[in-house]
Structures are given as C-alpha cells and as structure tokens.
Amino acid sequence: MKRLAIGMILLQSVVYGILDPFSKLAYQVMPIYSFLAARYLLATLFMFAFWGKKIRDELCRVSWRHYIIPCLCMSVAFIVSNTGLKYTSVANVAFIRSLTALVAPLLLCVFFHKKFGARTLLVLVGVAVGLYFLCVENGLGQVGRGEVYAFISTVLVAAALVFGADSLHYISAITLSCIQSFGSIWVCLLAGFANDALASTDWNLLRRPDIGGTLVYAALACTVGGYLLQNVALEYISAKLVGILQCTYPIVTAVVAYVVLGEMLSPLGMLGAALILLCVIIESLGRE
C-alpha cells in the first residue's frame, strides 16, 4: 500500500499543478473569493450527495476536537495560496508551497517529538537547494505580498498534514475532506463580505465555458479528488513523506504555466527541478 499511497500524492501534485495557471486566468475575470466559494460549495454538495450518511454518522459519533485543527488549517491554506496568485507568478506560489516538505518534519518534531535521521536531513537540504534554484529564476529575490501569502499557506498545509494523520484515527478520509471543504466555504464568504467581492460578482460568468470548466475541475478533481488522495494516503505513509512527494507539484505547475501563460524555466530552474525529483525518489524508497 505504500507504493499506492505514494502514487496518490504524485497524482495529487499533477491535478493541482494543472489547476493553478487556469485559476489565475479565471481570477482576472471573477473575484477570487467568489470563485472559491462556488468551488467549495460545489465540492461539498458533491461529497454529501455520494457519502452524506457516512459523513453524518461519523460527525455525530466523533468529537470535533479530533478534526478541527487540520480542517481549519486546510480551509485557510488553499484560500491564502490562491490569493497569492493575484500578487505574484504561478511559479513562485507553487515553489514556495513546496516548502511544506521542510516544514512538516519540523512540526512533527515539535508537536509529536518524532526525530528524523541524517538521510532525511540531507534530503531536506537537497529540496531547499532545488527550490532555491527554481525560485531565484522567478523573481523571488524581491518578496512581496504574494510570496508572503504562499509561505503562510505552506505552514498551514504542513500543519494540516501533521495533525490530519491523527484525525484519521477517528474519522474517514471522506469525512475529513468534506469538513475541510465545508470550512473553506465559510472562510471564502467571510473574506468576500469583508472586501465586498461577493456583492460585486457577476455570477453569470460561471456560464462561460472557460470559467465554468475551471470551476468544475477545481471543485471535483482538485477539492474532492485532491483532498481524498491526500487524506487516504496519510493512512499509509507519514506526513513527512507526503510533504516530500508534494515537491513535484511546482514542477508540474511550471510545465503547465509555460504552455498556458508563457512562463519558462531557465537551465538553472530545470536543474532545481531535477534535484527535487531526485530527493523525492530517495525519500520515497526509504523506510518510514
């Protein structure tokens, strides 16, 4: 099951990597929080339609204390990350988000006293160097609002991974995914009301094939599929390994961004991508 779980996270990276460039195009037409609220609402309704009874039964049986932290972290993380797309390049957001691989082991050490060995430390150093090669070629030398939002998202995703693994002892991956999506709706609504984005939104834009298609893909493939892939994988592999594997996400994003937005990696950026992939392979082949 370990290999299957690794494949799930790699697939999640591909799914998310495809979305970001198209999301940025959608945000140029429609307010971010309005689009995201519609995305998470559609995802939540879809999950309730298929697994509603299972979700209700588990929520009635389990205390909210067992899942509230990873749900809040993930709900805020992706919204903050998407907001960052408005202020910086898709590549920058994706590359900084991959620092989850560095943050997750640190949180595991702080909160659960799980130490990591020399091999993992070398892998983390290799990932940091690879991410530097990627970021330095995409204007990361001047950190702005977009980069700050992306880093906040990184810490929150790492926390969701670390605490989400414990939550899966009490509720299923489906229920955890549904709660995370439902929580995201309220975060989007609060943010949208705060800046009047919802009131000024032309909801007819969702009828456009490009906007509507991006919304459906984001809701079903990324929110439902992505959350499930991550939460199921956490039942079989550690949050540390999940964070390492998710370093493939910016590589996929860079490729799609080149096709859709014209962003292109330099030779140094390609070297960084190759180094990250090598570190992912080394860590995934090792023992937990």
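The values are calculated or read from the model by the stated rules, or taken from the named source; none is laboratory data. Bear in mind the structure is a predicted one, so any value in this text is a computation, not a measurement. Every residue, glycine as well, gets a Cβ built from its backbone with ideal geometry; the counts of neighbours run over all protein chains shown. Ligands, DNA and RNA are stripped out before the accessible areas are found, and what is left, the full protein with its side chains, is counted by its heavy atoms. Shrake-Rupley method; radii C 1.70, N 1.55, O 1.52, S 1.80 Å.
For the chain, the membrane-span-like helices by this rule, meaning whole DSSP H stretches whose C-alpha atoms cover at least 30 Å of axis and whose Kyte-Doolittle mean is 1.6 or above, are 173-194; this says nothing about an actual membrane.
Find the accessible area per residue for the range 1-115; the probe is 1.4 Å, ligands and nucleic acids are left out, and the unit is Å². It would help to have the intermediate numbers written out before the result.
On the way: 5200 Å² over 115 residues.
About 45 Å² of surface per residue is accessible.
Would you work out the relative contact order for the range 117-267, in percent, from Cα pairs under 8 angstrom that are 6 or more residues apart? RCO, the range 117-267: 32 percent.
Can you send over the carbon and sulfur percentage of the accessible area for the range 1-129, probe radius 1.4 Å, protein chains only?
Numbers: 4210 of 5920 Å².
Reported share for carbon and sulfur atoms: 71 percent.
Which of the lysines could a cross-linker span from residue 53 if the Cα-Cα distance has to be under 30 Å and same-chain partners fewer than 8 positions apart are dropped? By straight Cα distance, residue 53 reaches 2.
Please calculate how many Å² of accessible area the range 190-272 carries per residue, with a 1.4 Å probe and no DNA, RNA or ligand atoms counted. Write down the numbers at each step before the final one.
Working: 3670 Å² over 83 residues.
Heavy-atom SASA per residue in the range 190-272 reads 44 Å².
Expressed as a rounded percentage, what relative contact order does the chain have, with Cα pairs under 8 Å and six or more residues apart? All intermediate terms of the calculation are to be shown ahead of the outcome.
Working: 436 pairs, mean separation 116.1, N = 288.
Once normalised by length, the contact order is 40 percent.
If you sort the three axes of the alpha carbon gyration tensor as a ≥ b ≥ c, you get a/c of 1.5 or more for the chain and a/b no higher than b/c, which makes it oblate.
Carbon and sulfur: what percent of the range 156-274's accessible surface (1.4 Å probe)? Numbers along the way, then the final one.
Details: 3220 of 4680 Å².
Percent of accessible area from carbon and sulfur atoms in the range 156-274: 69.
Loop sites by DSSP among the trypsin sites (Lys or Arg not before Pro) of the chain, restricted to those with at most 13 other Cβ atoms within 10 angstrom, leave 116-286 as the longest stretch without any of them. Partner lysines whose Cα lies under 19 Å from the Cα of residue 24, excluding those fewer than 8 positions away in the same chain, are identified as 86.
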